[in-house]
Amino acid sequence: MHLYRDLRGTLQPFWVTLRNMFRKPVTVQYPEQRQQVAERYRARLILTRDPDGEERCVACHLCSAACPVDCISMQATVAEDGRRYAAWFRINFSRCIFCGLCTEACPTLAIQVTGDFELAGRDPLKLVYEKEDLLVDHCGQEPDYNFYRQAGIAVAAPRGGNPTESAPEDPKSLLP
Ligand code: SF4
Ligand code: SF4
């Protein structure tokens, strides 16, 4: 019984080799030959725009809070019309693990993953991408979504100053 098992164990690898010798090779001659990555493949991140061309990112810091390796940083600022945006936005791709958690956390669908995996390089500093490198001129995977049409920009009038709005409650008036 043991002899049979040992013989089988010895011959089986040869059979596997023999069988695969006559199979069509699956090697892809990269970079001359390129394979289409899966639709949900997670590689380089981008910052997308609303359909009206404005930046979607409102510099809310949620993506950097969700990032497990702490590789996103930014500074928030406000435009004259009350629209928030990132004065600068930085991703260190030498630390990024392409988990996609930042895209899950983003309330405006600004940050999105792409299938562009060709990020390798010898200089780690070249993997630090600034806003100019990340911001694209399209809507990414959400062509119809407009965050500002959903959420609106900051209201210019003071609280209670709009025609249909009640005046804000004065908490001091509630004191005994
Ligand atoms: S994909 Fe993951 S690791 Fe990379 S920036 Fe987003 S949250 Fe951070
Ligand atoms: S990319 Fe999204 S989550 Fe990150 S700061 Fe901009 S709006 Fe917020």
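The numbers here are math on the coordinates, done by the rules we state, and not lab data. Note that the structure is a prediction, hence the values are computed from the model and not measured. Because the Cβ atoms are built from the backbone with ideal geometry, glycine has one as well, and the counts that use them run over all protein chains shown.
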For segment 44-139, report the convex hull volume of the alpha-carbon atoms normalised per residue, in Å³, without decimals.
93 Å³
Put in order of increasing Cβ neighbours within 10 Å, starting from the fewest, 45, 174, 11 give 174, 11, 45
Using 7 Å Cα-to-Cβ label points, what is the residue 8/residue 29 separation (nm, one decimal)?
4.3 nm
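Under the 0.36 nm per residue contour assumption, what length would be gained going from the current alpha-carbon distance of residue 15 and residue 127 to full extension? If you can, show how the numbers build up before the last one.
Details: separation 112, 0.36 × 112 = 40.32 nm, distance 4.59 nm.
This chain segment gains 35.7 nm when fully extended.
If you stretched the chain out fully between residue 119 and residue 83, how much longer would it get, using 0.36 nm times the residue separation minus the C-alpha to C-alpha distance?
Working: separation 36, 0.36 × 36 = 12.96 nm, distance 3.22 nm.
Answer, rounded to one decimal: 9.7 nm.
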Quick one: if the Förster radius is 35 Å, what FRET efficiency do residue 173 and residue 151 give, using the C-beta to C-beta distance and rounding to 0.05?
0.65
Pairing the Cα long axis of helix 2-21 with the longest principal axis of the chain, what angle in degrees results, from 0 to 90 and rounded to the nearest 10?
70 degrees
Segment 107-176: which GluC sites (Glu not before Pro) are DSSP loop and have at most 12 other beta-carbon atoms within 10 angstrom?
118, 130, 165, 169
How high is the relative contact order of segment 44-139, in percent, counting Cα pairs under 8 Å that sit 6 or more residues apart?
41 percent
Residue order, fewest to most surrounding Cβ atoms within 10 angstrom, among 74, 21:
21, 74
